[in-house]
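Below: the structure, in structure tokens.
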Amino acid sequence: MTTTPAPTSSWARARHLWGLRWRMMRRNWSEFAHQMRKHPLAIIAAVVILLYILAAIFAPAITVHDPTRGSLRTRFEPPFWMEGGSTEFLLGTDDQGRDILTRIIYGARVSLLVGVIAVGVSVLVGLTLGALAGFYRGRFDTIVSRAADLLLAFPFLIFAIGVMAFLGPGFGNLILALTFKGWVEFFRLVRGEMMAEKTKEYVEAARVSGMGKVAIITREILPNIMQAVFVLATLRMGYMIIMEASLSFLGLGIQPPTPAWGSMVASGRDYLLTAWWVSTFPGLAIVGLVLAINLFGEGLRDVLDPRLKIE
Amino acid sequence: MRAIKVLERILATIPIMFGVAIMVFIFMRLTPGDPVDIMMGAGGAVGAGEIEQLRAEFHLDEPIHIQLWYFLRDAARGDLGNSYIKKRPTMELIAERLPATIELALGALFFALIIAFPIGILSAVKQNSWLDRFSMAGAFLGISMPAFWLGIVLILIFSVKLRWLPVQGRISYDVNLQEITGLYVVDSILTRNWPALKDALRHLILPSIALGAAVAAIVARVLRSSMLETLRADYVTLARAKGAPEHRVVLRHALRNALIPTVTVIGLQVGVLLGGNMIVETVFGWPGLGRLVVDAIFNRDFPLVQASVMVYAFTFVIANLIVDILYTYLNPKITL
């Protein structure tokens, strides 16, 4: 990079700094894109994820049927390639005569929303607490770390089921149940990284140059940790989606008639002998999305976090 | 020295268990609705005097910290209250269901390990072969698949379509089995009841696969990557240079050292086996603890939910403790 002499006026100086930052970001991005190209599966996975997102957003535009209202006349229509099936209901209909494909497309909204919000809140809480605990240590660190240890004493799904049992079903409670324990992993990652980074020279340099503690954390250290956090967040997303589907399968998550993949699979359980498609296709939708997210996450990890801090 | 460390580690679990108990208690009290009201809802009409009496009996008229004290005192004695619905001690109900859950968990673990070990070892030895790629793709699928859906697909294929295996339950109605341990496979072997053994095993196969698949996938991946590492270690090169036969190099030198991270991961999977059993027991109508909890949740039988969650958490903590202790024997360099 060619170095231009640093300008003197504060406005020009700020513009100069932003220019540098922008150029660095662009260079990092093209470097990143170049690296990702070595992982074709991850790119395919990204495209698949994008398709799911688009389907979720434009659900009303790409479907013709109502996701919640059916008709008794169209109960248990088989998929179109089977005898008695029609192209009106591509993947068949369920016990209430609702189009399964339509419900799967609408169901993507729940899964994606829960995944993104649950992981987002977990990152926010874990990152904040982890950064503070790892940087300042002391009593705060002890207390939060003990709380984290305590939460680790519960298997994830059992904890979530317990919370849902006490709070009752619903979207907000679902997010609460998933994040109540979900933050712990991000906390542990960020805290550990914080403690390691804190002793490095660039932090010392920032401190000597009179930078405030908050600025050191947010502007110096966090940017170095964010890639690992991002990788972990991606890998956790698939897990959260499976957890939501499991809770909905048990009837503790999203309540009918709102279409959610987990409860759709559950609703087809009573008809396995006669209408296998009711349970099978929503499950395939889960596998497809989670598989894509995990593949993308693995590719991302190989590129962004080659030290393999995250297993 | 090691004995002291182990003892320290055991003592360290006590505050965790206390914390678990307190947390469960707090959740109970946060629940909307008064326990006595819920009980009344389940038990029918009663007079106001009786309600007061029940409130006193459950110490609900005392301040919250006194209630916590009573709760912890009773919990330490193994008394976690009575089920609202079944009017029996929760621990009794849990004890009845526990063998079924243990049998399923062991079945799943067994399935996971007999799948994961050959795959993990062979994929590492033949890295980048079609076998390696195929198994790792399979492992990836195993991680991305929800257990309940895998269970349903297994039922569709092996029970509905092929009619090879039963759909539901632990044992057929027409099979007589004398219960000793409550683990049907063990009981049928102990009583030399071979038809019952065959029947119990047939019932156990599909749920074990559904529950164990994710564990198998994770263990296979970890074993493969740690084998890849140990196969490149100096001591393996040395063993080869000495002319040791290849199977001995792989199994004695490489595998033994690769076991250390693998055992940790297996220990962590206990949580998956415990949590997953609620799902898999629901899918396969397996009469275990998981079913009991799920039913209790829908009946708003809070003492039973509370007791089960505590039993699960304690089991998990103890399992991790055992893994930590095992770990020191596998790797003498590690201190707890």
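What follows is calculated from the coordinates using simple rules that are stated; it is not laboratory data. These figures come from a predicted structure and were not determined experimentally. Backbone-built Cβ (ideal geometry, glycine too); neighbour counts: all protein chains shown.
Observations on the structure shown:
- Semi-axes of the equivalent ellipsoid for the stretch A:230-298, computed as √(5λ) from the eigenvalues of its C-alpha gyration tensor and ordered from largest down, come to 25, 14, 7 Å.
- Cβ-based charge dipole, the stretch A:38-310, positive-most Cα from A:V116, A:I175, A:S145: A:S145
- Above 13 Å, the calculated P(r) of the stretch B:247-314 contains 71 percent of its Cα-Cα pairs.
- Over the protein assembly as shown: helical MRE at 222 nm, DSSP H runs n ≥ 4 each giving -39500 (n - 2.57), nearest 500: -24000 deg cm²/dmol
- 0 to 90° range, to nearest 10: angle between helix A:10-36 axis and chain A longest Cα axis: 50 degrees
- Hydrophobic long helices, here whole DSSP H runs in chain B with Kyte-Doolittle means of at least 0.0 and Cα atoms spread over 20 Å or more along the helix axis, are found at B:2-30, B:90-125, B:130-144, B:194-231, B:256-284, B:302-330.
- Once the Cα atoms are used to define both axes, helix A:171-198 deviates from the longest principal axis of chain A by about 30 degrees.
- Peptide-level mean, for B:270-279, of C-beta atoms on other protein chains within 10 Å: 5
- Judged by the mean number of other Cβ atoms found within 10 Å, the most tightly packed of the peptides A:29-42, B:183-196, A:159-172 leads the ranking A:159-172, B:183-196, A:29-42.
- With contacts taken as Cα pairs under 8 Å at a separation of at least 6 residues, the stretch A:38-310 carries a relative contact order of 25 percent.
- Within chain A, the proportion of C-alpha pairs whose separation exceeds 26 Å stands at 57%.
- When all alpha carbon pairs of the stretch A:173-311 are counted in 5 Å bins from zero, the resulting P(r) reads 2, 9, 14, 15, 14, 12, 10, 8, 6, 4, 3, 2, 1, 1, 0 %.
- Hydrodynamic radius by Kirkwood, which averages 1/r over all alpha carbon pairs of the stretch B:210-326, in angstrom: 16.8 Å
- From most to least packed by mean Cβ count within 10 Å, the peptides B:220-233, A:138-151, A:260-273 give A:260-273, B:220-233, A:138-151.
- Surface/4 of the Cα convex hull for chain B, nm²: 22.7 nm²
- Under the combined filter of DSSP loop state and at most 14 neighbouring Cβ atoms within 10 Å, the stretch B:122-181 retains these chymotrypsin sites (Phe, Trp or Tyr not before Pro): B:W164, B:Y173.
- Pairs of C-alpha atoms in the stretch B:125-247 farther apart than 25 Å represent 50 percent of all such pairs.
- Extension gain, B:I22 back to B:D234 (0.36 nm per residue minus Cα-Cα distance, nm): 71.3 nm
- Note on the protein assembly as shown: Lys pairs 8 or more places apart or on different chains, Cα atoms under 23 Å apart, count 11.
- Compactness ratio for the stretch A:1-156: Cα radius of gyration over 2.2 N^0.38 Å (N = residue count) comes to 1.73.
- At R0 = 51 Å, FRET efficiency that the Cβ-Cβ distance of B:H247 and B:E92 yields, to 0.05: 0.50
- Per-residue average of Cβ from other chains inside 10 Å of B:152-158: 4
- Taking one quarter of the surface of the convex hull spanned by the alpha-carbon atoms of the protein assembly as shown gives a direction-averaged projected area of 39.1 nm².
- Spread over its residues, the convex hull of the C-alpha atoms of the stretch A:115-203 is 90 Å³ per residue.
- Inter-chain shielding of B:136-149 (mean C-beta neighbours from other protein chains, 10 Å cut-off): 6
- The stretch A:170-233 gives an Rg/Rh value of 1.14, both radii derived from C-alpha positions and Rh following Kirkwood.
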